[in-house]
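Worksheet for the structure shown next.
The values are calculated or read from the model by the stated rules, or taken from the named source; none is laboratory data. It should be emphasised that the depicted structure is a prediction, and the values quoted were computed from it without experimental measurement. Positions of Cβ are generated from backbone atoms using ideal geometry, with glycine treated the same way; all protein chains shown enter the neighbour counts. The accessibility values were calculated without ligands, DNA or RNA, using every heavy atom of the protein model including side chains. Shrake-Rupley method; radii C 1.70, N 1.55, O 1.52, S 1.80 Å.
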Amino acid sequence: MDRTGLVCRYMKEHPYCTQRELAQELGLSLGTVNTLIKECTKRYLIAPGKSCAGTYELTDSGEEFLEQFRVDGALVIAAGFGSRFVPLTYETPKGLLEVFGERMIERQIRQLHEVGIRDITIVVGYLKEKFDYLIDKFGVKLLYNPEYSCKNTLATLYRARQVLRGRNMYVLSSDNWMRENMYRTWECGAWYAASYMEGNTSEWVLSYNKKGRITDVQIGGRDVWCMYGPVYFSREFSQAFLPLLEKEYAAPGTEQQYWEHVLMKYISVLEMDINRQPGDQVYEFENLEELRKFDPRYQNHSDNQAMELVAEVFEVPESRIQDIRCLKSGMTNNSFLFKIEDRHYICRIPGPGTELLVNRRQEAAVYRAIAPLGISEHVVYMNERSGYKIAAYYEGSRTARHTDQGDMRACMEVLRRLHGSGFQVDHRFDIRERIDFYERLCTAHGGTLFEDYDKVRVGMDKLMDRLDRIYSREDAPRPRVLAHIDSNVDNFLFLPDGGVRLIDWEYSGMCDPLIDVAMCAIYSYYNEQELDWLTRTYLEREPEPEERLVVYAYAALGGFLWSLWAVYKSAVGDEFGEYTLIMYRYAKDYFRKIQEMFPEGTDTP
């Protein structure tokens with residue numbers, strides 16, 4: 001930290017100040033301040049005050065000297081999801097949540113404007129469209145981070161490195177709340193804000209020397225100063241930091257690291273000071289419970305659709321909804337766990353575009369049909385229009401393990417009970433219709449299809465034609481039963497009492513029972529030998545040639561269908577990484593196997 005610059009800044013902000021006032025502001029002894037005053041006077045940066053003895057004021061040279069410390073702008077990180085604030089963040093990015101009637105990011109923008117900082121770039125990702133209004137309201141710039149869903153803030157800063165390069169910049173989190181405006185027009189060196197934490201903490205702990213330079217960063221400690229709130233990058237700091245950031249970004253295994261990991265690793269060569277703040281100055285709300293304690297409005301008026309629904313269904317105020325936790329986002333929906341009194345429940349929130357993919361009326365009909373079987377989750381509430389669902393949470397349950405043969409035998413037993421129940425619904429799961437539908441969705445939403453898509457689609461049409469001939473046969477036609485369709489191992493719950501539940505019936509309908517075997521296999525990323533084993537386990541015997549063909553056909557068609565589904569989801573903002581490629585590979589590989597094992601025109605089906 002440039003102490004000469006600090007003296008000049010204070011005199012700029014407080015003309016005719018005294019040495020005692022300066023010492024109090026800078027946290028230095030009078031002797032040290034006296035030395036700094038002499039140095040600044042010698043360099044003609046300050047001069048004795050003309051109107052009052054014992055005071056000082058900035059000279060024209062001091063004004064010119066101070067300009068090197070002028071803050072050029074601010075970079076605001078707002079790309080993340082904010083999982084600890086569900087369900088609020090399913091609708092609203094964390095930085096756009098209000099505290100005492102003002103959105104957190106707007107409060108920071110306003111505070112920056114108050115000190116003349118208007119060049120503000122916001123790095124967005126999750127629900128990026130929600131931030132667009134800030135361009136018109138405050139004149140900010142938006143920078144999209146395409147890696148927001150799979151990498152952490154190290155990647156965010158990497159994506160924004162050109163905004164920082166060669167400039168004096170604040171680096172802020174959109175979800176910080178500062179009681180008083182701690183931003184300045186001039187900053188005299190890089191710093192990280194810190195708050196004192198009494199007792200044990202798992203925050204990032206700072207060690208520093210007598211001059212305030214950070215000398216070490218550790219995670220966790222007791223009665224310590226911790227990283228907490230805004231950061232300031234001087235151009236000199238960025239010059240040293242950005243090459244290290246680029247190096248770490250390119251290194252394997254850093255995808256989930258914060259940018260502070262780079263600071264921690266290279267702290268011996270990176271000059272950054274601690275900026276200690278009073279305990280009530282900076283707030284980083286960790287979860288909804290903390291926000292409720294700080295802003296009483298959130299006790300019963302979160303303005304969130306899911307919270308309002310839960311309160312209405314259970315006839316309780318929102319304050320009685322406790323222990324809210326984000327569950328791993330599903331491929332179709334989002335869900336969160338909550339507690340009312342002493343019981344936990346799960347609320348399902350339909351994901352983007354779900355209204356086009358799932359017929360909620362049909363889903364509700366399936367739940368009604370299978371209720372006597374007792375194999376599904378207990379549904380407390382379901383809206384056939386919106387798709388919101390509240391179901392009981394089974395304490396101590398776990399999902400099936402696709403690598404455990406015992407688990408998979410139990411899963412196949414549940415499917416046999418379902419298929420043999422005789423229960424029916426009025427709708428079918430028509431894989432041809434679904435493939436056509438998803439293809440149209442992909443085209444309509446600009447989804448990028450595979451390079452050899454047309455060729456593979458011809459092969460899929462051949463498979464579906466072949467299945468149609470089997471199903472249209474008058475002698476010994478294949479059965480159509482109520483099938484689950486989405487028989488992912490994650491949808492099989494193993495309860496502490498030994499029971500097994502099959503959940504999430506969104507795609508269920510009347511279909512060939514072997515489709516559930518094929519879907520379970522491809523969801524588990526099974527190879528051919530594992531798929532054959534699963535088929536034998538389900539049938540409890542060796543499959544007939546026709547049964548093997550049907551399973552392989554549904555493995556191919558299922559892979560093709562879900563690859564289209566994933567392309568569509570990607571087009572509307574949900575990425576599923578390698579899943580798309582793996583599903584498409586099932587389509588191609590099992591079509592090829594069928595051609596080899598059951599060629600057209602032979603006596604073999």
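List of remarks:
- Residues in the range 268-296 that are open to solvent by 70 Å² or more (accessible area, probe 1.4 Å) and either assigned to a helix (DSSP H, G or I) or closer than 19 Å to Tyr228 by Cβ (or both): Arg276, Pro278, Asp280, Glu290, Lys293, Pro296.
- Only a single criterion out of (1) of a type outside the set (A, V, I, L, M, F, W, C); (2) under 21 Å from Arg360 (Cβ atoms); (3) surrounded by fewer than 17 Cβ atoms within 10 Å (Cβ to Cβ) is not satisfied by Arg469, namely (2).
- Screening the candidates Tyr228, Tyr208, Tyr258, Tyr232 for the property of being within 29 Å of Phe85 (Cβ to Cβ), open to solvent by 50 Å² or more (accessible area, probe 1.4 Å) and among the hydroxyl-bearing types (Ser, Thr, Tyr) yields one hit, Tyr258.
The rows are residues; the columns are (1) modelled with pLDDT of 85 or more; (2) under 23 Å from Trp191 (Cβ atoms).
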position: Arg3; (1), (2): yes, yes
position: Lys12; (1), (2): yes, yes
position: Cys17; (1), (2): no, yes
position: Glu25; (1), (2): no, yes
position: Gly31; (1), (2): yes, no
position: Leu36; (1), (2): yes, yes
position: Glu39; (1), (2): yes, yes
position: Ser61; (1), (2): yes, no
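- Residue check for Phe450: more than 25 Å from Tyr584 (Cα to Cα), among the hydrophobic types (A, V, I, L, M, F, W, C) and in contact (Cβ under 8 Å) with a residue 60 or more places away in the chain: no
- In the set (1) assigned to a helix (DSSP H, G or I); (2) open to solvent by less than 40 Å² (accessible area, probe 1.4 Å); (3) at pLDDT 95 or above, the condition left unmet by Arg409 is number (2).
- Strands (runs of 3 or more DSSP E) contained entirely in the range 36-83, each with at least 1 residues that are touching a residue at least 12 places away in the same chain (Cβ under 8 Å), under 17 Å from Gln19 (Cα atoms) and not polar (S, T, N, Q): 46-48, 56-58
- Of all residues in the range 1-28, those that are under 23 Å from Ile214 (Cα atoms) and basic (Lys, Arg) have Cβ atoms under 8 Å from Cβ atoms of residues that are modelled with pLDDT under 85 and assigned to a helix (DSSP H, G or I), 6 or more apart or on another chain, in Arg3/Leu26.
- Considering each residue of the range 237-259 in turn, none proves to be charged (D, E, K, R) and under 27 Å from Gln111 (Cα atoms).
- Count - residues of the range 112-124 that are of a type outside the set (Val, Ile, Thr) and buried (at least 23 other Cβ atoms within 10 Å of the Cβ): 1
- Scanning the range 366-403 for residues that are of a type in the set (Lys, Arg) and surrounded by 16 or more Cβ atoms within 10 Å (Cβ to Cβ) yields a total of 1.
- Residue in the range 421-441 that is modelled with pLDDT under 95, within 30 Å of the chain's Cα centre (by Cα) and open to solvent by 80 Å² or more (accessible area, probe 1.4 Å) present: yes
- Scanning the range 573-587 for residues that are in a loop (DSSP other than H, G, I, E, B) and either in contact with a His (Cβ under 6 Å, 6 or more places away or on another chain) or closer than 19 Å to Tyr526 by Cα (or both) turns up Phe576, Gly577, Glu578.
So that you can scan it fast, the table gives a plain yes or no per residue for (1) part of a loop (DSSP other than H, G, I, E, B); (2) under 20 Å from Asp490 (Cα atoms); (3) at pLDDT below 95:
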| position | (1), (2), (3) |
| --- | --- |
| Val517 | no, yes, no |
| Trp533 | no, yes, no |
| Tyr552 | no, no, no |
| Asp589 | no, no, no |
| Glu596 | no, no, yes |
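- When Ile582, Ile503 are checked against the criterion of being modelled with pLDDT under 95 and over 24 Å from Tyr453 (Cβ atoms), Ile503 stands alone in meeting it.
- Tyr538 out of contact with any Lys or Arg (no Cβ under 6 Å at 6 or more places or on another chain), at pLDDT 95 or above, part of a helix (DSSP H, G or I) and open to solvent by 10 Å² or more (accessible area, probe 1.4 Å): yes
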